[in-house]
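Working notes, structure below.
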Amino acid sequence: MILQASEYKQGKGSAMDYSAALDQAIGKLHEEGRYRTFIDIERRKGAYPQAIWTRPDGSETEITVWCGNDYLGMGQHPVVLKAMHEALDATGAGSGGTRNISGTTVYHKRLEVELADLHGQEAALVFSSAYNANDATLSTLRKLFPGLIIYSDQLNHASMIEGIKRFDGPKRIFRHNDIQHLRELLAADDPAAPKLIAFESIYSMDGDFGPIEAICDLADEFNALTYLDEVHAVGMYGPRGGGVAERDGLTGRIDIFNGTLGKAFGVFGGYIAGTAKMMDAIRSYAPGFIFTTSIPPSVAAGAAAAIAFLKTSDGQELRDKQQLHARILKMRLRGLGMPIIDHGSHIVPVHVGHPVHCKALSDMLLAEFGIYVQPINFPTVPRGTERLRFTPSPVHDPKQIDQLVHAMDDLWSQCKLNRHTCVA
Ligand SMILES: Cc1ncc(COP(=O)(O)O)c(C=O)c1O
């Protein structure tokens, strides 16, 4: 019999009982109704948002995915799959190294050129995820700008928060989207100190937009750099899918863009974009870029194909259809008196406000209607604001939208939940 290490290490005397500590940590999540269960789904190429759900007992059910971040269905787009197949057949599976040691291929270089062009910047750097890109870049900046102060929106994504925590320099948190508060914080610091403002163009849990122009104005006034996470906006906004900054004509005012290749571009990976000098410095100093295997060439090829496609009018057609579906879904749920959170973006959150109810609704949608939407609980959102977050795409058809609306109506009545409150 093979014993797990933890079985040997039951607390002896005053020594730590590791197993009990794990039970306690996991038990706490169960008690608070926020223990996470991953459901096992297999997407069907060409049929997405349909997928097969395999239950723990092995039985299978066809479901509709309503919470994916493959916002435009690019994960199954023939242009992307063709590029990936070709690269896979040409080069094999992995890159075989870090960017510095044999892991830079023509596919990585092409992808970075595509990304720089997307954001109207001189250069870009690809990371294994946008999480890594945020964490590695923000934590490295103090090496480049001694004395740097980072100003961070209170609702910034965990990856920015982690990077800023590890940044080991002065940091200020401004209230979410509160320009006046940001101004006060900037004004209170030494005018000569180097500064950077980190924020997002779309905060994905509420679907609200960051005040990009007003923040850029403050950055000009206080000689600060701007760091914009466009993870939920790239591919989705702007005439070429360059994000909200592109849509609003503000591309030239951002110093560092962050984006993902894993959501609207449908593949995997993350990046930053900026001046050639900024990219060169981060490339040279960020451990999270230097000491890790580069993404597989096939992934780079697929992402580059998705970005190139979404720059075209065909890409615009997908964006338009996605926006239309989001508007229809919001209108119909609002018509039923559901408490939707509507800031005019592509995301459709429905406020539930209790972790146990939120999980129960999600379970019922799945079990009774074959509709998959993951409950969003603390710490992803503040306690009391638990929600179901729907992500309509161009590949959700009117029948699937109809099914969702009827299922929500049915459950809202069954569970006697409140209607007629719109949170905006
Ligand atoms: C705002 C934001 N930034 C960064 C990330 C990380 O992106 P990735 O999945 O590429 O690591 C996420 C992921 O959801 C996000 O929401």
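Observations on the model:
- Any hit, region 255-271, residues being free of Cβ contacts under 8 Å to residues at least 24 places away in the same chain and either more than 30 Å from Ala326 (Cα to Cα) or hydroxyl-bearing (Ser, Thr, Tyr) (or both): no
- Put simply, of Thr104, Thr98, Thr61 the only residue that is more than 30 Å from Gly242 (Cβ to Cβ) and either more than 22 Å from the chain's Cα centre (by Cα) or at pLDDT below 95 (or both) is Thr61.
- Subset of region 59-93 that is charged (D, E, K, R) and more than 16 Å from the ligand (Cβ to nearest atom) - its residue that is nearest to Arg43 (Cα to Cα): Glu62
- Residue check for Gly335: open to solvent by less than 40 Å² (accessible area, probe 1.4 Å), out of contact with any His (no Cβ under 6 Å at 6 or more places or on another chain) and not hydrophobic (A, V, I, L, M, F, W, C): no
- Out of Ala367, Ala306, Ala326, one residue alone is in the same structural domain as Phe209 (by the TED database) and out of contact with any Lys or Arg (no Cβ under 8 Å at 6 or more places or on another chain). It is Ala306.
- Every pair of residues 6+ apart whose Cβ atoms lie under 9 Å, when the first sits in region 60-88 and is at positive phi while the second is open to solvent by 30 Å² or more (accessible area, probe 1.4 Å) and in a helix (DSSP H, G or I): Gly73/Leu318
- Residue in region 258-275 that is more than 14 Å from the ligand (Cβ to nearest atom) and open to solvent by less than 20 Å² (accessible area, probe 1.4 Å) present: yes
- Considering region 243-296, the qualifying helices (runs of 4 or more DSSP H), each wholly inside and each with 3 or more residues that are out of contact with any strand residue (DSSP E or B) (no Cβ under 7 Å at 6 or more places or on another chain) and in the same structural domain as Leu196 (by the TED database), run over 276-285.
- Selection of region 131-155 for residues being open to solvent by less than 10 Å² (accessible area, probe 1.4 Å) and near the ligand (Cβ under 8 Å from one of its atoms) yields Ala133, Asn134.
- Pick from region 24-41, criterion in a helix (DSSP H, G or I) and more than 30 Å from Glu60 (Cβ to Cβ), ranking: least open to solvent (accessible area, probe 1.4 Å): Gly27
- Residues of region 158-179 include none that is surrounded by 19 or more Cβ atoms within 10 Å (Cβ to Cβ), charged (D, E, K, R) and either modelled with pLDDT of 95 or more or farther than 23 Å from Glu246 by Cα (or both).
- Given (1) crowded, with 23+ Cβ neighbours inside 10 Å; (2) at pLDDT 95 or above; (3) in contact with a helix residue (DSSP H, G or I) (Cβ under 9 Å, 6 or more places away or on another chain), number of the condition Gln322 does not satisfy: (3)
- Of all residues in region 156-195, those satisfying the criterion of being aliphatic (A, V, I, L, M), without any contact (Cβ under 8 Å) to a residue 12 or more places away in the chain and more than 16 Å from the ligand (Cβ to nearest atom) are Ala188, Ala192.
- Restricting attention to region 150-180, the residues that are in contact with a helix residue (DSSP H, G or I) (Cβ under 7 Å, 6 or more places away or on another chain) and of a type in the set (Val, Ile, Thr) add up to 3.
- Residue check, Val244 under 23 Å from the mean Cα position of the chain (by Cα), within 24 Å of Val113 (Cα to Cα), of a type in the set (A, V, I, L, M, F, W, C) and away from the ligand (no atom under 12 Å from the Cβ): yes
- Yes/no for Asp208 being in contact (Cβ under 8 Å) with a residue 24 or more places away in the chain, open to solvent by less than 30 Å² (accessible area, probe 1.4 Å), within 24 Å of the chain's Cα centre (by Cα) and farther than 24 Å from Ala136 by Cα: yes
Table: residues versus (1) open to solvent by less than 60 Å² (accessible area, probe 1.4 Å); (2) not in a loop (DSSP other than H, G, I, E, B).
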position: Thr380; (1), (2): no, no
position: Gly384; (1), (2): yes, no
position: Leu388; (1), (2): yes, yes
position: Ile401; (1), (2): yes, yes
position: Asp409; (1), (2): yes, yes
position: Lys416; (1), (2): no, no
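- For region 99-113, the criterion of being touching a residue at least 12 places away in the same chain (Cβ under 8 Å) and exposed (fewer than 13 other Cβ atoms within 10 Å of the Cβ) is met by no residue.
Conditions (1) in contact with a Gly (Cβ under 8 Å, 6 or more places away or on another chain); (2) not assigned by the TED database to the domain that holds Thr275; (3) not hydroxyl-bearing (Ser, Thr, Tyr), marked per residue:
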site	(1), (2), (3)
Ser152	no, no, no
Ala192	no, no, yes
Ile202	yes, no, yes
Asp217	no, no, yes
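The values are calculated or read from the model by the stated rules, or taken from the named source; none is laboratory data. The structure presented is a predicted model; accordingly, all values stated were derived computationally and were not measured. Counting neighbours? That spans all protein chains shown, and the Cβs are built from the backbone with ideal geometry, glycine included. Areas reflect the complete protein model, heavy atoms only, side chains present, ligands, DNA and RNA absent. Shrake-Rupley method; radii C 1.70, N 1.55, O 1.52, S 1.80 Å.
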